[in-house]
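Report on one structure; see the data block that follows.
The values are calculated or read from the model by the stated rules, or taken from the named source; none is laboratory data. Here the structure is a predicted model, which is why all the values come from computation and not from measurement. Reconstructed Cβ throughout: ideal geometry from the backbone, glycine too, with neighbour counts over all protein chains shown.
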């Protein structure tokens, strides 16, 4: 088993304080938030406290937050709702070519249903340029989806500028903020978005819970049909302990985010500089400055990324090639192809993502092992 | 806060052993089951161990189990998949009039989309008679959904007989077994169903996780689109700790179910006998024998069930009128109306549901308080 975890972008462990916050809600405070009695009332209070924390953290109102099973559900919900609700207004959707699969696949489904989907190509640095989005807007454009940060190469997108364009044109704007919430400031009013998705397990909360921000005034159809939970916007018994954990995770990030981002970006820069200066035949992917504080991403010549990940795992280091959601696909990542990497280079990719418990010593050991393993594989 | 919890049908606390089983998966064993490294491998193993436990518990194969966010998602998934997949074969659906809202509401959505939905009326005892289902079958019937037990009045339905009919006619059969799994034996082969839904928080597992059984050979479309999780049948990062908890809950029920059912049905019978013999103006709802071991359900004349629930809550007892999912609706339950209760009687309803930690003393105290409160309210 690896002992140095550098794959925080795939999932983070729960903060022990999140675990502590959740524990009572599995046992003595376990009520169904829809029950009339004291157990239910206590559950409802915990639910709404968590909703207020999440809302405040992203500059939203509590009523604008729908708790979901994760960001995949949130993205699916926003996209399919918009398509169904506005199909008589238009059937054109714009997404970036480097979105997460939980945006890409719904968009492809819409294509199969007769919608027209434009894919915005990023620059070689991974940036989605606002003018390149604006150029694609048509009379019948109903939705744009551009993520806040890419999950593979960590590039931050200019979502505020794109959001301003969307608002001016009256086009719904979905921002997948799964990689940014908890790591850099996220404010739905500044971004000018209509929908924003987030996932607790990317910032030290539990897996299986997330949220969809839906701008006030948008009467979204429910994703799941059944009971009246979430003001009729998502049926299903509330995942109470996990929602409490999400709230606690938000609370911790509010207190620690700034300091952590500073520390992690220093370690990240050290990694990037070391690799570029000490290992030949490697490129750093994604814009050098406009990137997540915790993400470094490389492509190595004449290396199988899969082999490199396995070799580092043997040395007790957990890293990945890119998205966990598509591991095993054995295809070059759509993100790396979109920024212009050859298939061969793309298959030599490595993502390092740092987190709350990454130490300087971890990074030292990783860099030493990385150099060794690359040399050994290339020999 | 209530201290005697008799609303296990709404939700159960986690068994402490379930909590213990989950804990490592929030922290040291927290990996993303789709990650390539050791953390991911360990997560995958836990995931598949849990899947094997769940499958075995209901007589299924592991490959027939899709982990979901709960039974609502499972029911929605099965119904909407069938409707989309078979709409060219037929557009007629049969459901019982007493299904849970997570079946009812999807069926109503299908009606709005041009499907024809027949609602099978139960007997006054709450039984869905197989001939009354068979009578409704048409050439264009593509799906029947009859739950294994009703969530309000606890009646067990003859799903094996209905399943045999469905199989003979080549009609897909969905069984919502949310109330039965963990409480009475459930076997998908015996039931002859194509889909079966279950939810961990109804049998001492965590909220926010459940499963959908999909019979081998049915190529179900994914409910969530994105990554390739669950063999492409449900995208989204696995809710690992909760899935481990579901497996542990199944394991515990396998060991304790029989004994618990015996104990609980004795307490249940004591409650029903006491109430019918000692409180005037009350009826017991649902078939007297063919019912869940842990469910007693009454309707009181000249009583507001809401007031009674509140009065008992003040006395430290948590019970409910019926389904938690529709609390606050202030409408008479569709279940009670379907078995022929007047609106007035239906609004005087009370559901008592027992569980793993219900003691004989709890029942004594409850019965004493119930008699007192009914008399006080009627005075």
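Worth a mention:
- Take the conditions (1) part of a helix (DSSP H, G or I); (2) away from chain B (no Cβ under 11 Å); (3) farther than 29 Å from residue B:202 by Cβ; residue A:45 misses just one of them, which is (3).
This table checks each residue for (1) out of contact with any strand residue (DSSP E or B) (no Cβ under 8 Å at 6 or more places or on another chain); (2) at positive phi.
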{"site": "B:236", "(1), (2)": "yes, yes"}
{"site": "B:243", "(1), (2)": "no, no"}
{"site": "B:250", "(1), (2)": "yes, no"}
{"site": "B:283", "(1), (2)": "no, no"}
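- Condition met for residue A:336 (crowded, with 21+ Cβ neighbours inside 10 Å and within 26 Å of residue A:101 (Cβ to Cβ)): yes
- When the helices (runs of 4 or more DSSP H) confined to the range A:59-143 are screened for residues that are in the same structural domain as residue A:208 (by TED's automatic domain parsing) and farther than 25 Å from residue A:230 by Cβ, those reaching at least 2 such residues are found at A:101-112, A:130-134.
- Any hit, the range A:51-66, residues being within 11 Å of another protein chain (Cβ to nearest Cβ) and in contact with a helix residue (DSSP H, G or I) (Cβ under 6 Å, 6 or more places away or on another chain): no
- Output for the range B:148-162, where each listed residue is outside any loop (DSSP other than H, G, I, E, B), within 12 Å of the chain's Cα centre (by Cα) and surrounded by 24 or more Cβ atoms within 10 Å (Cβ to Cβ): B:149, B:155
- Checking each residue of the range B:132-152 against the condition of being under 29 Å from residue A:76 (Cβ atoms), out of contact with any strand residue (DSSP E or B) (no Cβ under 6 Å at 6 or more places or on another chain) and within 13 Å of chain A (Cβ to nearest Cβ) gives at least one match.
- Condition met for residue B:375 (surrounded by fewer than 18 Cβ atoms within 10 Å (Cβ to Cβ), within 14 Å of chain A (Cβ to nearest Cβ) and part of a helix (DSSP H, G or I)): no
- For the criterion of being in contact with a helix residue (DSSP H, G or I) (Cβ under 8 Å, 6 or more places away or on another chain), at pLDDT below 95 and over 28 Å from residue A:39 (Cα atoms), residue B:43 passes.
- Residue match in the range B:15-25 (condition: farther than 22 Å from residue A:18 by Cβ and touching a residue at least 60 places away in the same chain (Cβ under 8 Å)): no
- In summary, residue A:321 fulfils each of the numbered conditions (1) surrounded by fewer than 23 Cβ atoms within 10 Å (Cβ to Cβ); (2) at the interface with another protein chain (Cβ under 10 Å from one of its Cβ atoms); (3) farther than 30 Å from residue B:19 by Cα with the single exception of condition (1).
- Filter result for residue A:145 (in contact (Cβ under 8 Å) with a residue 60 or more places away in the chain and surrounded by 22 or more Cβ atoms within 10 Å (Cβ to Cβ)): yes
- Residue in the range A:2-20 that is within 7 Å of another protein chain (Cβ to nearest Cβ), closer than 22 Å to residue B:70 by Cα, part of a helix (DSSP H, G or I) and more than 17 Å from the chain's Cα centre (by Cα) present: yes
- For the range B:30-42, the set of residues classified as more than 7 Å from every other protein chain (Cβ to nearest Cβ) and touching a residue at least 40 places away in the same chain (Cβ under 8 Å) consists of B:33 only.
- In this entry, residue A:297 is excluded by the filter for residues that are touching a strand residue (DSSP E or B) at 6+ places or on another chain (Cβ under 6 Å), part of a loop (DSSP other than H, G, I, E, B) and not assigned by TED's automatic domain parsing to the domain that holds residue A:201.
- Any hit, the range A:312-335, residues being under 26 Å from residue A:124 (Cα atoms) and out of contact with any helix residue (DSSP H, G or I) (no Cβ under 9 Å at 6 or more places or on another chain): yes
- Any chance residue A:50 is touching a residue at least 12 places away in the same chain (Cβ under 8 Å) and in a helix (DSSP H, G or I): yes
- With a requirement of 3 or more residues that are within 13 Å of another protein chain (Cβ to nearest Cβ), the helices (runs of 4 or more DSSP H) lying completely within the range B:163-280 that satisfy it span B:229-232, B:240-278.
- Options A:340, A:316; residue that is in contact (Cβ under 8 Å) with a residue 40 or more places away in the chain and more than 14 Å from every other protein chain (Cβ to nearest Cβ): A:340
- Any hit, the range B:74-83, residues being within 15 Å of the chain's Cα centre (by Cα) and farther than 30 Å from residue B:18 by Cα: no
- Test result for residue B:24, within 18 Å of residue B:241 (Cα to Cα) and either modelled with pLDDT under 95 or surrounded by fewer than 24 Cβ atoms within 10 Å (Cβ to Cβ) (or both): yes
- Residue in the range A:102-126 that is farthest from the other protein chains (Cβ to nearest Cβ), counting only those that are touching a strand residue (DSSP E or B) at 6+ places or on another chain (Cβ under 6 Å) and touching a residue at least 60 places away in the same chain (Cβ under 8 Å): A:126
- One residue from B:286, B:247 being buried (at least 21 other Cβ atoms within 10 Å of the Cβ), out of contact with any helix residue (DSSP H, G or I) (no Cβ under 8 Å at 6 or more places or on another chain) and either free of Cβ contacts under 8 Å to residues at least 40 places away in the same chain or under 28 Å from residue B:76 (Cα atoms) (or both): B:286
Rundown of residues vs (1) assigned by TED's automatic domain parsing to the domain that holds residue B:86; (2) more than 30 Å from residue A:102 (Cα to Cα); (3) surrounded by fewer than 24 Cβ atoms within 10 Å (Cβ to Cβ); (4) under 13 Å from the mean Cα position of the chain (by Cα), yes/no style:
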| residue | (1), (2), (3), (4) |
| --- | --- |
| B:187 | yes, yes, yes, no |
| B:203 | yes, yes, no, yes |
| B:211 | yes, no, no, yes |
| B:226 | yes, no, no, no |
